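Written below as structure tokens is the structure these notes are about.
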Amino acid sequence: ENALDNIMVAIDISNKINGEVCGKSIELFERAGKLLAKYEDSENALNYLYHALELRFKIAKEDKLPNGPNPSFELADLCHEIGSVHFGMTNFKEAERMLNNAVNILSDVEDDAPELRDWTYHLGLAYARQNKHEDALASFKNALARRVKYYGGDHPDVVDAYRMVGHASMASGHKGMALESFNEALNILQRHLPEDHEDIIDIKQILAELNKNQ
């Protein structure tokens with residue numbers, strides 16, 4: 001609460017000195033929104049985050065940019081934050097829209113940005129929650145490729161990505177790809193965990209079901 005109170009005071013001061021339509025004020029609105037989201041005050045978080053986005057478009061209009069703000073990490077991060085709040089509120093359609101914006105903007109800025117290994121994964125989750133299985137599969141495969149490149153082959157986040165590729169493959173009818181993905185996840189886990197670990201048992205059960213239905 002103290003942090004939020006101080007940010008509100010800072011917003012008031014910045015608005016008086018700089019006006020709302022300036023980078024410092026926008027940064028403070030974003031910080032307020034992120035803090036509110038962290039403490040699960042989603043409605044108020046969205047109010048601040050969308051206001052920050054509106055101010056970015058006002059600056060772009062003043063700068064005579066017809067297509068809105070230029071791509072930047074800050075703009076992509078704001079879209080990702082808004083998408084994440086919508087996801088937490090189970091508004092998956094709006095989460096998909098904003099997470100897509102975040103991924104596309106950041107890809108334009110820096111295609112190898114490390115954040116994209118998670119943002120593409122989050123986008124896949126938004127698709128999956130709407131039963132858009134082919135779109136989910138494409139996003140999870142994107143996340144998997146980025147995670148393997150960033151972490152190497154044995155990282156827990158790589159296992160998670162293989163699993164989600166497997167689930168999305170199953171949901172979209174690609175059993176061969178599902179088998180391959182779950183086997184890759186199992187191979188990684190078996191190098192690090194005992195055979196009676198629940199994660200290994202879970203994947204073995206999935207593989208047994210897939211093989212039974214071949």
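Derivation of every value follows stated rules applied to the coordinates shown; laboratory data play no part. From a predicted model like this one, the values you see are computed outputs, not experimental measurements. Virtual Cβ from ideal backbone geometry, glycine too; neighbours counted across all protein chains shown.
Can you tell me what the convex hull of the Cα atoms of the stretch 132-214 projects to on average, as an area in nm²? If you can, show how the numbers build up before the last one.
Numbers: hull surface 20.2 nm².
It is 5.1 nm².
Please tell me which of these pairs span more than 24 angstrom C-alpha to C-alpha: Lys34/Lys64; Lys16/Lys58; Lys61/Lys132; Lys38/Lys132? Going by Cα-Cα distance, Lys34/Lys64; Lys61/Lys132; Lys38/Lys132 fall outside the 24 Å limit.
Relative to the dominant Cα principal axis of the chain, helix 92-109 is inclined by about 80°. Considering only Pro194, Tyr39, Cys79, the residue lying farthest towards the positive end of the dipole of the chain is Cys79, judged by Cα position with unit charges set on Cβ. Which value in nm describes the separation of the simple spin-label points at Glu54 and Ser72, placed 7 Å from the Cα toward the beta carbon? Going by the 7 Å Cα→Cβ label model, 2.0 nm. Straight-line cross-link reach from Lys24 at under 19 Å between alpha-carbon atoms covers these aspartates and glutamates, not counting any fewer than eight positions away in the same chain: Asp5, Asp12, Glu54, Glu62, Asp63, Glu74, Asp77, Glu81. Can you tell me the orientation of helix 23-38 relative to the chain, as the angle in degrees between its alpha-carbon axis and the longest Cα principal axis, to the nearest 10? It works out to around 50 degrees. Bridging of Lys204 to lysines at a Cα separation below 18 Å is possible for Lys175, Lys212, once same-chain residues fewer than 8 apart are set aside. Only Cα pairs under 8 Å and 6+ residues apart enter the sum, and on that basis the relative contact order of the stretch 100-140 stands at 32 percent.
Rounded to the nearest 10 degrees, the inclination of helix 42-62 to the longest alpha-carbon principal axis of the chain is 60 degrees. Between the amide H of His155 and any residue lying 5 or more places away or on another chain, no distance stays under 5 Å, with hydrogens modeled in the peptide plane.
Placing +1 on the Cβ of every Lys and Arg and -1 on the Cβ of every Asp and Glu, with no other charges, gives the chain a dipole of roughly 540 debye about its Cα centre. Descending by average beta-carbon neighbour count within 10 Å, the peptides 58-67, 195-204 line up as 195-204, 58-67, the highest first.
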